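The values are calculated or read from the model by the stated rules, or taken from the named source; none is laboratory data. None of these values were measured; they are calculated from a predicted model. Positions of Cβ are backbone-derived with ideal geometry, glycine not excepted, and every protein chain shown enters the neighbour counts.
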Amino acid sequence: MPMTPRPRRSILYMPGSNARALEKGRNLDADSLILDLEDAITPDAKEIARSQILDALSEGGYGHRELIVRVNAINTLWGKEDIAAMATSGAHGILLPKVDSAIMVQEAEALMVASKAPDDMAIWTMMETPLGILHSKEIAFSSSRMGGLVLGTSDLVKNLHCSHTHERLPIVTSLGLCILAARAAGIAVIDGVHTDLSDDKGFEYSCRQGLEMGFDGKSLIHPKTIEMANSVYSPSEDELLWSRTIIEAHGQAIKEGQGVIVIKGKVIEELDVQNAERLVAKANFISATESKEV
């Protein structure tokens, strides 16, 4: 399942047990929504949440937003039923929690296929356990349905017995391994949540740090953080101007049979052109979604 220019700047978790939140999600500016059946749902509300998510997906009205359902782990009381129910729900993907190995992905995929999931329904995985991080490469390549890796940094910090810090140095190795795996496999990779909703500066820092590291976007737990995530993960005007200059100059150089391009003293290589094209494609997709539903 190759990468598309679809932006995933902001991916908001929404509890499936909260019908009002599911309704509100239709009008939020998040690029993607994770409709949650796992951590945010108490055991006695699991089946209600499943039913409400199915109803919400059936009703539709989410426009351009990518819809991913986080199911319960396949070895829980609810996991297999979650996957079977969501296979034909109309969601774009299923997010598997606490994935430790490629085998776990393949077991879920087999259940999806048996439940008649469409071929383009993606599998996403939560990366939140030490074993999962160590197996990130195998997980990223485990299925042609793989859509992306989502960092579960809160669980990861707990499992590593480390601390949440401003610079996130205790988990930077884990973040880097997942980014490497995702880029090698050609899939998306989403940064973990920032849990302190009163720490606006810290949240902005984590977004900018994630962008610099190579993440595609930020997972979120509150709508008020969508605007900042979208702003940070959107190509800036300066980036787009430079990208378009590179693309235009490269096209002209090809016509003239030139092998090397120098713009403002900088030697431009093919990799620079590819990155410029990626940023422009992303900006065009964002612009299209802002002007109309796509």
What do you reckon, is Arg168 of a type in the set (Lys, Arg) and crowded, with 20+ Cβ neighbours inside 10 Å? yes
When Thr195 is evaluated against the numbered criteria (1) over 22 Å from Trp124 (Cα atoms); (2) touching a residue at least 24 places away in the same chain (Cβ under 8 Å); (3) more than 17 Å from the chain's Cα centre (by Cα), which criterion, by number, is the only one it fails? (1)
Only listed residue being touching a helix residue (DSSP H, G or I) at 6+ places or on another chain (Cβ under 8 Å), small (Gly, Ala, Ser), assigned by TED's automatic domain parsing to the domain that holds His92 and surrounded by 23 or more Cβ atoms within 10 Å (Cβ to Cβ), chosen from Gly148, Gly176: Gly148
Selection from the stretch 228-241 of residues within 30 Å of Ala181 (Cβ to Cβ) and either out of contact with any Lys or Arg (no Cβ under 9 Å at 6 or more places or on another chain) or hydroxyl-bearing (Ser, Thr, Tyr) (or both) yields Ser231, Tyr233, Ser234, Ser236, Glu239, Leu240
Got at least one residue in the stretch 186-209 being of a type in the set (A, V, I, L, M, F, W, C), out of contact with any His (no Cβ under 9 Å at 6 or more places or on another chain) and part of a helix (DSSP H, G or I)? no
On the given criteria, is Asn27 closer than 27 Å to Cys207 by Cα and either out of contact with any helix residue (DSSP H, G or I) (no Cβ under 7 Å at 6 or more places or on another chain) or not assigned by TED's automatic domain parsing to the domain that holds Ala140 (or both)? yes
In the stretch 200-220, which residues are under 15 Å from the mean Cα position of the chain (by Cα) and either surrounded by fewer than 16 Cβ atoms within 10 Å (Cβ to Cβ) or among the small types (Gly, Ala, Ser) (or both)? Gly210, Met213, Gly214, Gly217, Ser219
Restricting the search to the stretch 216-271, which residues are touching a strand residue (DSSP E or B) at 6+ places or on another chain (Cβ under 7 Å) and at pLDDT 95 or above? Asp216, Gly217, Lys218, Ser219, Leu220, Ile221, Pro223, Ile226, Ala229, Asn230, Tyr233
